[in-house]
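Following: one structure in structure tokens, then a few remarks.
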Amino acid sequence: MSSTDPKAVVIRYIEAARDGMSAMIRDSFAPDATWEYPGDLPLSGIYHGLDAIVDEFLAGAGNLLAEVKLELGTVVAEGDIVAAEWTATGSSKDGTPYRNRNMGLFAVRDGKIVSVREYTDTRHAGQVFFPELS
């Protein structure tokens, strides 16, 4: 797989997120990329642009966790569309255990992620990270 192969791009991004490689994370996205996170949590919504994705959404999600381990699961690709699953295991800042399976539908063009639609158990995420909303 080449460095612009959509499947390789998504795997490289998830591995960079797993390994805390912030420069690689930022380099994975097109400047005008979008990320859609489901539900009605404070993090839910559509993030437009590289800075919003990395500095608001990803950093905001990271700030909710005391620790996290990402495990990459199945990744399938057809053309520029890649479906990837991963499991996030860790704990919230107050020590509440967290384990959630996630799936992202990524669109990749010219070696950069241009959009992500993430699917996850937002009820579990809300109970762990935003118990005041439950």
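The values are calculated or read from the model by the stated rules, or taken from the named source; none is laboratory data. Everything numeric here is computed off the predicted structure, so don't read it as measured data. Because the Cβ atoms are built from the backbone with ideal geometry, glycine has one as well, and the counts that use them run over all protein chains shown.
Given the structure, is SER92 at pLDDT below 95 and out of contact with any helix residue (DSSP H, G or I) (no Cβ under 7 Å at 6 or more places or on another chain)?
Numbers: at pLDDT below 95: yes; out of contact with any helix residue (DSSP H, G or I) (no Cβ under 7 Å at 6 or more places or on another chain): no.
Judged against the criteria, SER92 is not a match.
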Q: Just give me the residues in the range 1-21 being surrounded by fewer than 14 Cβ atoms within 10 Å (Cβ to Cβ) and among the hydroxyl-bearing types (Ser, Thr, Tyr), in sequence order.
A: SER2, SER3, THR4
Q: Among the residues of the range 80-99, count how many are more than 18 Å from ALA8 (Cα to Cα) and either surrounded by fewer than 17 Cβ atoms within 10 Å (Cβ to Cβ) or small (Gly, Ala, Ser) (or both).
A: 12
Q) For PRO31, all conditions in the list (1) surrounded by 15 or more Cβ atoms within 10 Å (Cβ to Cβ); (2) touching a helix residue (DSSP H, G or I) at 6+ places or on another chain (Cβ under 7 Å) hold save one; what is the number of the exception? A) (1)
Q: Please specify each residue of the range 91-111 satisfying the condition of being farther than 16 Å from THR34 by Cα and within 15 Å of the chain's Cα centre (by Cα).
A: ARG99, ASN100, ARG101, ASN102
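Rundown of residues vs (1) in contact with an Asp or Glu (Cβ under 8 Å, 6 or more places away or on another chain); (2) at pLDDT below 95; (3) within 15 Å of LEU58 (Cβ to Cβ), yes/no style:
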site	(1), (2), (3)
SER3	no, yes, no
ALA8	no, no, no
TYR13	no, no, yes
ASP19	no, yes, yes
SER22	no, yes, yes
PRO38	yes, no, no
Q | Test: SER134 is free of Cβ contacts under 8 Å to residues at least 24 places away in the same chain and of a type in the set (Gly, Ala, Ser) | A | yes
(Q) Exactly one of these conditions fails for THR74: (1) touching an Asp or Glu at 6+ places or on another chain (Cβ under 7 Å); (2) under 21 Å from ALA23 (Cα atoms). Give me its number. (A) (2)
